[in-house]
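Asks: Pasting a structure here, questions to come.
The values are calculated or read from the model by the stated rules, or taken from the named source; none is laboratory data. These figures come from a predicted structure and were not determined experimentally. Every residue, glycine among them, receives a Cβ derived from its backbone with ideal geometry; neighbour counts consider all protein chains shown. Calculation scope for accessible area: heavy atoms of the full protein, side chains included, ligands and nucleic acids excluded. Shrake-Rupley method; radii C 1.70, N 1.55, O 1.52, S 1.80 Å.
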Amino acid sequence: ILLIITRPFTVLFHELGHAIPVMLLTKNGATIYVGSYGDKKYSFKISFAGLTIWFRYNPIKWHGGLCIPNATDISLNKRIIYIICGPLFSLLIATLLFYVTFSLDLHGSIKLICAFALGSTSLDLFGNLIPGEIRLPDGSTLQNDGYHIINIQKLKKFPKEYSNAIDLYEKKEYEKTANLFESFIDRQ
């Protein structure tokens with residue numbers, strides 16, 4: 001029961017922790033999925049101030065969340081910032097709620113929920129920052145925050161053209177990718 005109560009908020013704050021910084025850093029919007037990894041099926045949408053949030057109807061069937069920035073050209077340093085902010089923001093919110101609940105000596109059940117939320121977000125912090133992959137219901141995989149940070153650190157060792165070529169490849173613009181790699185090789 002505690003998991004059903006706290007998990008939706010943990011996921012929401014984690015994804016807001018990604019979305020708010022990326023929106024501030026890029027001056028563009030973002031889309032977050034709460035309860036799914038990008039699946040709009042069985043979800044409802046809320047939009048405001050450049051942020052679109054897709055909530056899965058049934059919290060019991062939630063499988064995490066996803067944040068997709070609208071900006072396409074985000075510097076590597078800004079990517080690291082917005083990736084780290086996800087797990088840190090949910091931990092910060094849980095820590096503040098835990099502190100307020102115990103400072104005001106609120107009802108025991110509220111203390112229990114806040115303590116559980118703090119523990120859950122602490123585990124999420126490490127679970128998200130230790131590089132790994134998430135298996136999606138369709139069998140495909142998605143990299144977690146730690147995996148993305150490691151990849152960004154590796155990309156920082158290469159010229160910017162290399163990062164641009166990878167971005168083009170991910171957008172399935174293969175001809176542009178090949179041309180960029182050829183020019184990169186020719187200069188070596």
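Asks: Among Y99, Y162, which is the only one that is among the aromatic types (F, W, Y) and either open to solvent by 70 Å² or more (accessible area, probe 1.4 Å) or not in a helix (DSSP H, G or I) (or both)? Before the answer, list the steps.
Replies: Numbers: Y162 fails: either open to solvent by 70 Å² or more (accessible area, probe 1.4 Å) or not in a helix (DSSP H, G or I) (or both).
None of the others qualify; the one that does is Y99.
Asks: Based on what the data block shows, is R79 surrounded by 16 or more Cβ atoms within 10 Å (Cβ to Cβ), within 15 Å of the chain's Cα centre (by Cα) and within 25 Å of L142 (Cα to Cα)? Walk me through how you get there before you give the answer.
Replies: Numbers: surrounded by 16 or more Cβ atoms within 10 Å (Cβ to Cβ): yes; within 15 Å of the chain's Cα centre (by Cα): yes; within 25 Å of L142 (Cα to Cα): yes.
Against the criterion (surrounded by 16 or more Cβ atoms within 10 Å (Cβ to Cβ), within 15 Å of the chain's Cα centre (by Cα) and within 25 Å of L142 (Cα to Cα)), R79 qualifies.
Asks: Additional query: Can you find, within region 40-51, the residue that is modelled with the lowest pLDDT among those that are among the hydroxyl-bearing types (S, T, Y) and open to solvent by 30 Å² or more (accessible area, probe 1.4 Å)?
Replies: So the first thing to find is which residues in region 40-51 are among the hydroxyl-bearing types (S, T, Y), and the list is 42-43, 47.
Restricting the remaining residues to those that are open to solvent by 30 Å² or more (accessible area, probe 1.4 Å) gives 42, 47.
Details: Y42: 88, S47: 95.
If we take residues in region 40-51 being among the hydroxyl-bearing types (S, T, Y) and open to solvent by 30 Å² or more (accessible area, probe 1.4 Å), then Y42 is modelled with the lowest pLDDT.
Asks: From the residues in region 7-38 that are of a type outside the set (K, R), farther than 18 Å from D124 by Cα and out of contact with any strand residue (DSSP E or B) (no Cβ under 7 Å at 6 or more places or on another chain), which one is surrounded by the fewest Cβ atoms within 10 Å (Cβ to Cβ)? Lay out the reasoning, then the answer.
Replies: Here is the first cut: in region 7-38, the residues of a type outside the set (K, R) are 8-26, 28-38.
From what's left, farther than 18 Å from D124 by Cα: 20-26, 28-31, 38.
Next cut, out of contact with any strand residue (DSSP E or B) (no Cβ under 7 Å at 6 or more places or on another chain) only: 20-21, 24-25.
Working: I20: 18, P21: 22, L24: 12, L25: 18.
Across region 7-38, the extreme among qualifying residues is L24.
Asks: Out of F126, F89, F98, F181, I need the residue that is in contact (Cβ under 8 Å) with a residue 60 or more places away in the chain and among the aromatic types (F, W, Y). Which one?
Replies: On the way: F126 fails: in contact (Cβ under 8 Å) with a residue 60 or more places away in the chain; F98 fails: in contact (Cβ under 8 Å) with a residue 60 or more places away in the chain; F181 fails: in contact (Cβ under 8 Å) with a residue 60 or more places away in the chain.
Of the residues listed, the single one that is in contact (Cβ under 8 Å) with a residue 60 or more places away in the chain and among the aromatic types (F, W, Y) is F89.
Asks: Please state which of the following conditions C67 fails to meet, knowing it meets all the rest: (1) open to solvent by 30 Å² or more (accessible area, probe 1.4 Å); (2) not in a helix (DSSP H, G or I).
Replies: C67 satisfies all of (1) open to solvent by 30 Å² or more (accessible area, probe 1.4 Å); (2) not in a helix (DSSP H, G or I) except (1).
Asks: To continue, here is another question. Going by the conditions given, is L106 open to solvent by less than 50 Å² (accessible area, probe 1.4 Å) and farther than 16 Å from L66 by Cβ? Write out each step before concluding.
Replies: Values: open to solvent by less than 50 Å² (accessible area, probe 1.4 Å): no; farther than 16 Å from L66 by Cβ: yes.
Against the criterion (open to solvent by less than 50 Å² (accessible area, probe 1.4 Å) and farther than 16 Å from L66 by Cβ), L106 does not qualify.
Asks: Please enumerate the residues belonging to region 126-148 that are open to solvent by 70 Å² or more (accessible area, probe 1.4 Å) and acidic (D, E).
Replies: Correct list: E133, D138.
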